[in-house]
Amino acid sequence: MIYLAYGSNLLFERLRARCPSAKKHSIATLPDYRLAFTKPSIDGSGKATVLPALGQVVQGVLFHIDAPDRSALDRAEGPGYRVARVNATLPNGDADEAFTYVARETSELPVYDWYLALIRAGYDQNGLNPGPELNFPTVPDLEPTRPGRVAAFDALRAAGRSQDITALEATIQS
């Protein structure tokens with residue numbers, strides 16, 4: 001199965017924690033969509049989704065995942081997303097059909113700093129060009145034991161991004 005990641009699953013270590021079979025296929029773009037941080041999460045914050053937007057483009061990565069890992073990914077993404085079939089554009093201009101997740105509803109919510117740090121690390125890891133969509137205001141998460149925050153720090157650590165963790169912790173202390 002080919003999955004298009006555009007949010008926190010761009011960071012390979014984050015996705016592999018959810019889907020051990022994940023293998024990078026290619027970077028890709030999703031034309032006529034924009035990245036937004038408006039998917040309501042169970043922790044009360046906003047998470048990434050893609051929304052139709054004529055003329056705009058979302059950067060992402062295509063991953064091969066084995067069918068048994070699909071249900072684990074569905075659980076990790078949660079009921080707030082629906083699965084969508086999309087045509088992603090490869091660097092050579094060819095299209096590849098993939099599945100991705102799109103928010104069932106959207107709302108303006110605060111975005112935690114650790115969540116955006118995961119996405120920025122994924123952009124960096126995959127050589128993507130962070131555009132204005134990643135200059136999004138965030139809030140520090142003052143709950144150090146929040147499961148999402150702990151998992152994010154684990155993924156950043158596994159990716160060798162301890163400097164990101166240090167910066168996030170410094171934000172809370174100031």
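Computed with a 1.4 Å probe on the full set of protein chains, the accessible area for Lys23 sits at about 120 Å². Counting only alpha carbon atoms, the long axis of helix 113-126 and the longest principal axis of the chain meet at about 40°. Our helix-only sum for the chain, with -39,500 (n - 2.57) per DSSP H run of n ≥ 4 divided by its residues, gives a mean residue ellipticity at 222 nm of -10000 deg cm²/dmol.
The Cα atoms of the range 1-97 define a convex hull whose projected area, averaged across directions, is 6.0 nm². Put simply, when 8-16, 28-36 are sorted by average Cβ atoms within 10 angstrom per residue, most first, you get 8-16, 28-36.
Ordering 75-83, 107-115 by mean Cβ neighbour count within 10 Å, with the highest value first, yields 107-115, 75-83. Relative to the dominant Cα principal axis of the chain, helix 162-173 is inclined by about 50°. Both radii come from the Cα set of the range 51-147: Rg as radius of gyration, Rh as Kirkwood radius; their ratio Rg/Rh reads 0.96.
Averaged per residue, the range 58-174 has 52 square angstrom of accessible surface, using a 1.4 angstrom probe with ligands and nucleic acids left out. For semi-axes √(5λ) of the Cα gyration tensor in Å, the listed values are (1) 41, 19, 15; (2) 28, 18, 15; (3) 24, 18, 16; which was obtained by calculation from the structure presented? Identified label for the calculated read-out: (3).
Could you tell me which of Thr171, Gly122, Leu109 has its Cα farthest along the dipole of the chain towards the positive end, charges placed at Cβ (Lys, Arg +1; Asp, Glu -1), taken about the Cα centre? Result: Gly122, furthest along the dipole toward the positive end.
The apolar share of the surface of the range 12-134, taken as the fraction of accessible area on carbon and sulfur atoms (1.4 Å probe, ligands and nucleic acids excluded), comes to 51 percent. In straight-distance terms, cross-link reach from Lys39 covers every one of the lysines whose alpha-carbon lies under 16 Å from its own, apart from those fewer than eight places away in the same chain; here that gives Lys47. Taking the inverse of the mean reciprocal distance over all distinct Cα pairs, the Kirkwood hydrodynamic radius of the range 1-48 comes to 12.4 Å.
The values are calculated or read from the model by the stated rules, or taken from the named source; none is laboratory data. This structure is a prediction, so every number in the text was calculated from the model and none was measured. Cβ: placed from backbone, ideal geometry, glycine included. Neighbour counts: every protein chain shown. The area values use the complete protein model at the heavy-atom level, side chains included, leaving out ligands, DNA and RNA. Shrake-Rupley method; radii C 1.70, N 1.55, O 1.52, S 1.80 Å.
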